[in-house]
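Asks: There's a structure below that I have some questions on.
The values are calculated or read from the model by the stated rules, or taken from the named source; none is laboratory data. Not measured: the values here are computed from a predicted model. As a convention, Cβ positions derive from the backbone with ideal geometry for all residues, glycine included, and neighbour counts pool all protein chains shown.
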Amino acid sequence: MKFKVGDEVSVLDEDLSGVVKKIIGKMVSIETNDGFLLEFPEPSLVKAKPLNFKKEIFSHAGLSNVVSEKEQPVKRKQPKVKAKERFQPTMEVDLHIHQLVKSTKGLTNHDMLTLQLDTAKRQLEYAINKRIQKVVFIHGVGEGVLKLELEYLFGRYSNVKFYDANYQKYGLGATEVYIYQNNKPN
């Protein structure tokens, strides 16, 4: 960068600035704001921005223009939802045991099944209270014990209907629950 005598400069990597007093080859002497004369290699200096720099940047827009621009209403665009996505479930609950606990060490099969069913019941109650219409419970294929217990659990609710979830998305290991919104929850 080319400097000339009188340029205001700042020193890179140091909290120093000043005015260029003389230039000899690649060495530049500056007088700091405190009155000290110091020499620096040319690459360690940058031209300082003038105090009216901000005014120069924002001079094209007056305060009234900015205020009127901010007062104008902004049209918010609704995201377009494809028909296929509109019917997708709004909530997914993964009941795989490794998703529910850090370690299965010390848990019996009965403990794990109870934990999974308690989680399913709690999430179903949450969905009913929050008026979420569709929930997919991902239980996996396995031996089918969890799926059978879930069907028994869902069968105790009069305001839900359940069926196998979308095979393309979840395979055989998921059940979708549809919650009727006009009935009172149990």
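Asks: Does Ser103 fit the bill of being modelled with pLDDT of 85 or more and either over 30 Å from Leu124 (Cα atoms) or assigned to a loop (DSSP other than H, G, I, E, B) (or both)?
Replies: Here the answer is yes, as Ser103 does meet what is asked.
Asks: I'm trying to understand the selection: among the residues of the range 1-40, which are assigned to a loop (DSSP other than H, G, I, E, B), among the hydrophobic types (A, V, I, L, M, F, W, C) and free of Cβ contacts under 8 Å to residues at least 40 places away in the same chain?
Replies: Once the filter is applied, which keeps residues that are assigned to a loop (DSSP other than H, G, I, E, B), among the hydrophobic types (A, V, I, L, M, F, W, C) and free of Cβ contacts under 8 Å to residues at least 40 places away in the same chain, the range 1-40 yields Val5, Leu12, Leu16, Phe36.
Asks: Same structure again: State which residue pairs qualify: first residue assigned by TED's automatic domain parsing to the domain that holds Val93 and surrounded by 12 or more Cβ atoms within 10 Å (Cβ to Cβ) and inside the range 132-152, second residue part of a helix (DSSP H, G or I) and of a type in the set (D, E, K, R) in any location, beta carbons under 7 Å apart, and separation of 6 or more residues or different chains.
Replies: The qualifying pairs are His139/Lys147.
Asks: Name the pairs: first residue in the range 92-114 and without any contact (Cβ under 8 Å) to a residue 12 or more places away in the chain and surrounded by 10 or more Cβ atoms within 10 Å (Cβ to Cβ), second residue in a helix (DSSP H, G or I) and of a type in the set (A, V, I, L, M), Cβ to Cβ under 7 Å, at least 6 apart or on different chains?
Replies: Correct list of pairs: Thr104/Ile97; Thr104/Met112.
Asks: While we're here: Any chance you could count how many residues in the range 1-36 are among the acidic types (Asp, Glu), surrounded by 10 or more Cβ atoms within 10 Å (Cβ to Cβ) and within 46 Å of the chain's Cα centre (by Cα)?
Replies: 3
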